[in-house]
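Written out below as structure tokens is the structure these notes cover.
What follows is calculated from the coordinates using simple rules that are stated; it is not laboratory data. For clarity, every value in this text was computed on a predicted model and none was experimentally measured. As a convention, Cβ positions derive from the backbone with ideal geometry for all residues, glycine included, and neighbour counts pool all protein chains shown.
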Ligand code: ADP
Ligand code: ADP
């Protein structure tokens, strides 16, 4: 099955800047996929459109066969998103952030607590469960965002530069975790400008530059051309 299908995506911001000039690619279910490109290429714009945070100018986005414009609620159920910026309530406690998020998805309270506990353990945040999120380190905040994105058990997880500014040790443990959940069947798409990160994790890649797709291939094939 196809997890994500993007067709001829265009984005012109209101200042006239053309961030995307007709991008198309697909990601198969179960894949670990990287969207690569230099700063300013259009990666965050693409992710923003998929997550309905940015309005597209034209084109189509389908998630597990559902058009995001026609079936936004269905698409939302399938999708977990880890943005680049921390956007949670700084004064809410770590565990409560996860329980609140589960509530948004209609997950019963008891189940929400069980899931929150599971991900707090999984992501090394259990000791911090009672702390306000503003007191967490940068790496912990990022792991909390991953936990929050997974709480409704999405089939597709999208991460925007998940390890930017994270030290190498933590980066490796985040890679291990992402690989583990990919092996459990979650399709993962991440953006990165570290080729090494894509090389470690991803089977397939798309490279964008100046709002255009310049490569869409397997990681193995890309490495042969370098
Ligand atoms: P849209 O075209 O989707 O309505 P806008 O062009 O109105 O989006 O921009 C949304 C926000 O992003 C605005 O608050 C704007 O100030 C801000 N913004 C403008 N230029 C940039 C930029 N180069 N990078 C990031 N954000 C920007
Ligand atoms: P990347 O994630 O690959 O670094 P972005 O998608 O953030 O690239 O940005 C693509 C281009 O669009 C850049 O030139 C950026 O400055 C511009 N841009 C991003 N957001 C806005 C905005 N809100 N308004 C105007 N231009 C923007």
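Beyond 19 Å, what share of the Cα-Cα pairs of region 1-133 remains, rounded to the nearest whole percent?
Numbers: 5281 of 8778 pairs.
Across region 1-133, Cα pairs with separations above 19 Å total 60 percent.
At a threshold of 8 angstrom on Cα-Cα distance, excluding pairs fewer than six apart, so keeping six or more, what relative contact order does region 47-192 reach in percent? Walk me through the intermediate numbers first.
On the way: 172 pairs, mean separation 39.7, N = 146.
Normalised by residue count, the contact order of region 47-192 is 27 percent.
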Cα centroid of region 66-130 to Cα centroid of region 1-57, whole Å
24 Å
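May I ask for the percentage of alpha-carbon pairs in the chain that lie more than 29 Å from each other?
Details: 6597 of 25425 pairs.
More than 29 Å apart: 26 percent of the Cα pairs in the chain.
Multiply the residue separation of residue 92 and residue 53 by 0.36 nm, subtract the distance between their alpha-carbon atoms, and state the gained length in nm to one decimal.
Here the answer is 11.7 nm.
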Here the percent of antiparallel bridges among DSSP beta bridges lying wholly in the chain, to the nearest 5, is 55 percent
What list do you get for 82, 166 if you sort them by fewest beta carbons within 10 Å?
166, 82
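Could you please rank 31, 66, 176, placing first whichever residue has the fewest other Cβ atoms within 10 Å of its Cβ? Display every interim value, and only then the final one.
Working: 31 19, 66 16, 176 10.
Starting with the residue having the fewest Cβ neighbours, the order is 176, 66, 31.
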In range of the label at residue 105: residues from region 179-213 whose backbone nitrogen is under 19 Å from the point 7 Å along Cα→Cβ:
179-190
Where labels lie 7 Å past Cα in the beta-carbon direction, separation of residue 196 and residue 66 in nm
3.9 nm
Kindly state, to the nearest 0.05, the FRET efficiency for residue 221 paired with residue 181, given R0 = 25 Å and r defined as their beta-carbon distance.
0.50
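Using the C-alpha gyration tensor of region 65-138, what are the square roots of 5 times its eigenvalues, in whole angstrom, with the largest one first?
Working: eigenvalues 129, 47, 23 Å².
Each semi-axis is √(5λ); the values are 25, 15, 11 Å.
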Angle, helix 94-104 long axis vs. longest principal axis of the chain, Cα atoms, 0 to 90°, nearest 10?
60 degrees
Top mean-square fluctuation among 33, 88, 64, Gaussian network model of the chain, C-alpha springs under 10 Å?
88
0 to 90° range, to nearest 10: angle between helix 138-150 axis and the chain longest Cα axis:
80 degrees
Max mean-square fluctuation residue, GNM over the chain, Cα-Cα springs under 10 Å, options 99, 181, 189:
181
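In what sequence do 43, 56, 74, 220 fall when counting other Cβ within 10 Å, fewest first?
Numbers: 43 25, 56 21, 74 15, 220 10.
Least crowded to most crowded, the residues run 220, 74, 56, 43.
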